[in-house]
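Working notes, beginning with the structure itself.
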Amino acid sequence: MKNTLEFLSPNAEYSTDHGVKGEEYQNVLFVVGRGWNNYQFDKYMGCDSSKLKGNEYNAYIRNRNLFYVCCSRARKRLVLFITVPVEGDFMIYLKKLFGVENICTYSEFMSKDK
């Protein structure tokens, strides 16, 4: 119970993506994965939004806005931990946004000299 209350407090060390709008943190870990049907960053980030209509366009806007909120909270360091396949338009988008030199697989990250 105590941990739950600490998580929900305004001074919590951790927060969910919707709970951070307007806030800033030194370090941000943004986990991109499955399990929440309203958000599919791998599908919508990098897609050609001009080809989307109706519910798909609305989903794109929802994904774009939350992606921005999550990525814009970091003052110093932002890490995206992506647990879904990164390919096609999503990979192109990430490379353009963050730079090829800032993207690595889990294996590459773990093998880097510390």
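Between Leu78 and Val28, the built amide H atoms are under 5 Å apart, and every one of these is 5 or more places off in sequence or on another chain. For a test of the definition: using alpha carbon positions, the gyration tensor, and the 1.5 limit on a/c, classify segment 48-114 as rounded, prolate or oblate. Because a/c hits 1.5 or more and a/b exceeds b/c, segment 48-114 counts as prolate.
When the listed pairs Lys51/Lys112; Lys51/Lys95; Lys51/Lys96 are checked against a 31 Å cut-off, the alpha-carbon distance exceeds it for Lys51/Lys112. Only protein heavy atoms count here; under a 1.4 Å probe, Cys71 has an accessible surface of about 30 Å².
The values are calculated or read from the model by the stated rules, or taken from the named source; none is laboratory data. Keep in mind that what you see is a predicted model, and the values were worked out from it rather than measured. Note: accessible area is taken over every heavy atom of the protein model, side chains too, but ligands, DNA and RNA are not part of it. Shrake-Rupley method; radii C 1.70, N 1.55, O 1.52, S 1.80 Å.
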